[in-house]
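The values are calculated or read from the model by the stated rules, or taken from the named source; none is laboratory data. Keep in mind that what you see is a predicted model, and the values were worked out from it rather than measured. Positions of Cβ are generated from backbone atoms using ideal geometry, with glycine treated the same way; all protein chains shown enter the neighbour counts.
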Amino acid sequence: MTLSAEYLATVLNSTLREVTPLLLVTLCACVCSKVSVFNIALEGTLLTSAFFAFLTQYFTRNIYLSVLVSVLVAMLITFIMAFFIVHLNGQSMIVGMAINTFSLGFTTFMLSMVFNTKGTVNAMTPNGLLTGLTKLSIPGLRDIPIVRTVFNNLTVIDYLAFALAIVTYIVMYKTVIGFRLRAIGINKSAASSLGIRVKRYQIISTTISGGMIGLAGCLLTLGSVTLFTQNISAARGYVALAANNLCKGHPLGALLSSFLFGFTKALASVLQNTAAKQQLLECIPYVSTIAAMAIYNVIARRKSKALS
Amino acid sequence: MTRENRNWKKTLLAIADGFSQPLVAVIISLFLAAIVITICGENVFTAYGAMLRGAFGNSFYLNDTLKRSTPIIMGGLAVRIAWRSGYEAMGGEGQMILGAFCAALVAYYLPVPGVVRIVLAMLAASVVGAAYSILSGWLYERFQVTFIISTLMLNYIANYFASYMTNYVVKDPDGLDINAVQTGKIAVEARLQSIFSGSVHWGFAFALICVALMTFLFKKTSFGYKSRMGGLNPKFALYGGVNPRKMLYLVMIISGVSAGLGGAFEALGSKYRYIDQMIFTTGYAWSGMVAALLANFNPIGTAVASILLAGLSTGGSAMQRSTIIPLEVCNMIEGIITLLMSVRLIRITQRGYKTKRKAKGGARA
Amino acid sequence: MIFEMKDITKVYEDGVVANDSVSLHLNKGEILSIVGENGAGKSTIMKILYGLVKPSYGEIYVKGERMRFRTPSDAMAAGIGMVQQHFMLFEEMTVAENIVFKNEIRKGLFMDMDKTIETVRALSEKYSLTIDPSARSADCPVGLRQRVEILKILYQNAEIIIFDEPSAVLTPLEVDALLETLKNLAASGKSIVLITHKLQEVMAVSDRIYVMRAGKVVAERMKSETSIEELAFLMVGHPMTTRQIPAVHPGSRLLEMKALTLTQDGRDVLKDISIHVDAGEIVGIAGVSGNGQSELIQCITGLCASTSGQVLVQGKDVTNRSVREIRDAGLAHISEDRFVWGSAVQATLEENALMGRQDSAPFSSHGLVRHSTIRSYAQKLIQDFGVKASSPTQKMQELSGGNAQKLVVAREMSMNTPVLICCEPTRGIDIGAMESIHDKLVARREEGAAVLLVSSELTEIMSLSDRIYVLYGGKINGEFQRDAMDDKHLGLLMVGGARA
């Protein structure tokens, strides 16, 4: 009994660790979609910022600086995305794919230039052992057996992610700025007819929200494990898009939808110890993303029918 | 007379307009990459010289480039038809993976004469590619799952599935290297033979035929007209009696067949087997998308752009061999080109923009 | 004099002169109307006034001070507000939120919702524009949404309020309320500019009237010294003629609906519609927009599936068939919106002219299209309907709205089908082109076609139709023969009044 409870706690723990990066990216997607900027550069942004978090840590051994650089890089890329889409009227799909293509090439290029590999660099670098983000162990929690497992190995950014969901909610739904941003997302021309500089609002808000992807990037490379591997983001950016689709851009809904997808991802890694083959397990998150979207749409349609 | 003159002028301007944008995009991105190369401590001219020689320098390299362009052309055509018909699907990669995988299996296992095997392998790739493409179409039509999400997810699923099969089910039985995750090598008679003496194989010729077919399809048939109108304004097409459902599936089938065949050509003419991750890591489908974009979705232009992009990557490998610059710099160039192609950089003909604004105003007023 | 424009000229980059030294002024507390046909330049002058368009030459003065408006906010800062024809609302937000946008009532960084609602309520009471501040604006009927727009401007403390075709979307009752509001606002010291072509309304409320034609102000009149007839004459430049339609005896039944019903989201959008159109008949559907006209047409033409009932074209049951089958049964359809349904703006005129006949001879055979045939056909349409275009290979978006409409009308009328569905055929078209389209409609009727005409212009329906059905709330609320038409009674039925 205790064993299975302990096992469940492990699953929950790895779910949490999968959820938080996804949640942060989804929150950025939420803000972007609320101001009607279709951001599919999430994937490339995540990958590049994850790389820079690792790289900065490798060169400076300063974890604060690593987080800062990662956040700034993510904001820079998101700014470029927003500038091209909003200011230059670029097609969002193409801008996003361009950034994603570039990011994969760029990180592999840098990986090869700096670390002389195109695969994985783990914490044991030629330059000595890297340390990741400090794992928090909260007094109270660390003494209760099963709860301890659930919250094991979580970093401050993991906790921050949940807080940011609430902060994003408050900013978007309670403040004047958030009110204007949502209004812009609903009707751009109405907002600009009243003299609001719509493009500026869109670009600044998306850029700031991009910072959250930077935090997610830190979690990937300096979180529960400290390593960088080629294409480490592994479609999380796209899954975040789906998660955002499910929660309709609501930051609190993002908690739920990213939990759902984080769980499938965790399931895949937890089941790795079983007889099931790894490659098939890897499919679980992707299959369940499609399934969740389909089921959600069917339910939504039923609901609107039931209303009638 | 004057009218004809004006028409000529207009056509020339339009052509110049069509070429100027990709040209500027390519130049800017090469320039940016040159900065990166310089920072890395290499001479730009040495690096680009190596790249150019490695892409088009002699018949061996040229062959290699053309061979490499084959799946890119097919991927480009797949993107072209889907996007121009209004479906922003990016499932070419998944379809190409399954196409290559199935073609490799059919050509390896089927106990029939060589030529029949090739035909059946290509047929299998077409069917599988189309089916996978239809799947995303079905998800869209039946469940409103957007193309971007469904196709991207399906790409990963296809890759993992093929990887699983190659690892555990159809792994090369007589391979010498136990670590190589690949299917068995296709017998010589079931391979796409080289056209000349070099490595470029008949798949390239097929791809060019497909370009011609595609051009014909869009210029001359009522299907082409309907799909184009559906892409420009789906409501208009519906209003004019076009069956949107039929169009969706037809477009998905053609797009899927194209991508699937691209995979088959790669397996039958280039690698002679399916090697785990062989489509995923080379990014053929994405290059195809970039090529289609560069050519503004013109099929012939897509083929030309595909060859250039293939040259970029064969040249990149050459550069990697002779300098310290890794070939991924080419992905960066590709990314920057795409980014620059997403916006209007320069405008030779002023017309389109202004009138478009006017039409918008008109719609509102 | 609160506002003055001196010698305003606007020449667009393509050389079109939209305004030619227009001078006008506005007095405090006055209702000023600017009337003119489509394309007379009134919307450009209004856009200049509101900072949306920069004039090429000329000066603008507000309260004697020279102004240069670069954006609408400059105009707004100078006390000028505009109620646009198409509302600029944040649909999913509340009325109060819509009104305070940009000048929110804050509590630190946060919205003070209680105070917002209170303020909006006080404002609406001050100008007796009753509204529920916490209602979602998407749920408000059109009249109320316009009220939100007016309150928005009042909240910004505008002194001068421009109304652009404000009655176009309103029901007759709502129009009355609007005119009352205009008078109230003027009485409370606001200055009003009313831009419209509805002369009855102009005569009902304005103090002074400018008439524009071909980019110029051709006349200035005090209301007391003019009449509808004079204004109409000044607008058009020649006297209006009333159309004489020869009697035609209706023939066989070409279009028929039997108890057609459409239920959407639990609401009967269409209920038990049974109407018919015979050969040699123009049948009008009168009604205020949004009473089921669009849905009715969509159900007939196959763009929307009906819930129950039947549609027959030439006696053939085509209920809920595909658009293709319905068109093949002998029906053509001029859509209500030329850009949403009727065309693809990025396609060429040829391609737009082909739509609907892409699978039929002589334009295509065995799945192949014949470009030369299509080109000469498009050329013919352009000539026959006077579309101003340089070549059939031009893009649709290069045409003006009116010319685009002509091409859509040309395409559908030239199919020569027994049944013609005709929705807002003359929307956005100048009077000359309107007359010619009307002539062609009548000609089709004389050839024995059945024409179903839907229009929000009651005069269009009344002047062309042999019979009229009144549509109200998705139901047929009355039927008139040509000789029994009475616009008062019709107007009453259109807003749900009982049948006589």
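Observations on the structure shown:
- The single residue among B:SER313, B:SER227, B:SER306 that is in contact with a Ser or Thr (Cβ under 8 Å, 6 or more places away or on another chain), within 14 Å of chain A (Cβ to nearest Cβ) and either assigned to a helix (DSSP H, G or I) or at pLDDT below 90 (or both) turns out to be B:SER313.
- Residue that is nearest to B:ALA303 (Cα to Cα), among those in the stretch B:261-285 that are surrounded by fewer than 24 Cβ atoms within 10 Å (Cβ to Cβ) and among the small types (Gly, Ala, Ser): B:GLY283
- Restricting attention to the stretch C:5-36, the residues that are assigned to a loop (DSSP other than H, G, I, E, B), out of contact with any helix residue (DSSP H, G or I) (no Cβ under 8 Å at 6 or more places or on another chain) and of a type in the set (Gly, Ala, Ser) total 1.
- Taking the listed residues A:SER70, A:SER66, A:SER103, the one that is within 14 Å of chain B (Cβ to nearest Cβ) and crowded, with 17+ Cβ neighbours inside 10 Å is A:SER103, with no other qualifying.
- Beta carbons closer than 6 Å, at least 6 apart along the sequence or on distinct chains, pair a first residue in the stretch A:235-264 that is more than 10 Å from every other protein chain (Cβ to nearest Cβ) and touching a residue at least 60 places away in the same chain (Cβ under 8 Å) with a second that is surrounded by 22 or more Cβ atoms within 10 Å (Cβ to Cβ) and among the basic types (Lys, Arg) for A:GLY249/A:LYS34.
- Considering the stretch B:229-239, the residues that are touching a Phe, Trp or Tyr at 6+ places or on another chain (Cβ under 9 Å) and buried (at least 19 other Cβ atoms within 10 Å of the Cβ) include one that is farthest from B:VAL79 (Cα to Cα), namely B:TYR239.
- Residue that is farthest from the other protein chains (Cβ to nearest Cβ) [pool: residues in the stretch B:35-44 that are buried (at least 17 other Cβ atoms within 10 Å of the Cβ) and part of a helix (DSSP H, G or I)]: B:ILE37
- Candidates are the residues of the stretch A:86-98 that are within 7 Å of chain B (Cβ to nearest Cβ) and part of a helix (DSSP H, G or I); the one that is surrounded by the fewest Cβ atoms within 10 Å (Cβ to Cβ) is A:MET93.
- A:ALA29 under 20 Å from A:LEU164 (Cα atoms), within 14 Å of another protein chain (Cβ to nearest Cβ) and assigned to a helix (DSSP H, G or I): yes
- Residue in the stretch C:199-219 that is in contact with a Ser or Thr (Cβ under 7 Å, 6 or more places away or on another chain), modelled with pLDDT under 90, surrounded by 17 or more Cβ atoms within 10 Å (Cβ to Cβ) and of a type outside the set (A, V, I, L, M, F, W, C) present: yes
- All helices (runs of 4 or more DSSP H) inside the stretch C:37-145 with 1 or more residues being modelled with pLDDT of 90 or more: C:95-100, C:113-126
- Any hit, the stretch B:144-151, residues being surrounded by fewer than 24 Cβ atoms within 10 Å (Cβ to Cβ), at the interface with chain A (Cβ under 10 Å from one of its Cβ atoms) and on the phi > 0 side of the Ramachandran plot: yes
- Filter result for A:VAL114 (β-branched (Val, Ile, Thr) and part of a helix (DSSP H, G or I)): yes
- Test for C:LYS183: is it surrounded by fewer than 18 Cβ atoms within 10 Å (Cβ to Cβ) and part of a helix (DSSP H, G or I): yes
- Considering only residues in the stretch B:162-181 that are part of a helix (DSSP H, G or I) and either at positive phi or touching a residue at least 40 places away in the same chain (Cβ under 8 Å) (or both), the one that is nearest to the other protein chains (Cβ to nearest Cβ) turns out to be B:SER163.
- Here A:ILE146 meets the list (1) outside any loop (DSSP other than H, G, I, E, B); (2) under 21 Å from A:THR48 (Cα atoms); (3) not acidic (Asp, Glu) almost entirely, failing just condition (2).
- The lone exception for A:ASN152 - which of (1) touching a helix residue (DSSP H, G or I) at 6+ places or on another chain (Cβ under 6 Å); (2) away from chain C (no Cβ under 13 Å); (3) assigned to a helix (DSSP H, G or I) it fails: (3)
- Applying the condition of being at the interface with chain A (Cβ under 7 Å from one of its Cβ atoms) and surrounded by fewer than 16 Cβ atoms within 10 Å (Cβ to Cβ) to the stretch C:72-101 and asking which residue is farthest from the chain's Cα centre (by Cα) yields C:GLU92.
- Tallying residues that are free of Cβ contacts under 8 Å to residues at least 12 places away in the same chain, more than 8 Å from chain B (Cβ to nearest Cβ) and under 23 Å from A:ALA254 (Cβ atoms) within the stretch A:266-294 yields 1.
- When A:ALA234 is tested against the conditions (1) more than 13 Å from the chain's Cα centre (by Cα); (2) at positive phi, the lone failure is (1).
- Of the helices (runs of 4 or more DSSP H) lying entirely inside the stretch A:174-284, those containing at least 3 residues that are within 29 Å of A:ALA294 (Cα to Cα) are A:176-186, A:198-222, A:236-247, A:251-270.
- Only one of the numbered conditions (1) acidic (Asp, Glu); (2) within 14 Å of chain A (Cβ to nearest Cβ); (3) buried (at least 19 other Cβ atoms within 10 Å of the Cβ) is not met by B:ASP64, and that is (2).
- Of all residues in the stretch C:130-143, those that are surrounded by fewer than 19 Cβ atoms within 10 Å (Cβ to Cβ) and not charged (D, E, K, R) total 7.
- Unique residue being surrounded by 18 or more Cβ atoms within 10 Å (Cβ to Cβ), of a type in the set (A, V, I, L, M, F, W, C) and more than 20 Å from C:THR348 (Cα to Cα) when the list is B:VAL242, B:VAL251: B:VAL251
- Residue within the stretch C:155-175 that is buried (at least 17 other Cβ atoms within 10 Å of the Cβ), in a helix (DSSP H, G or I) and at pLDDT below 90 present: yes
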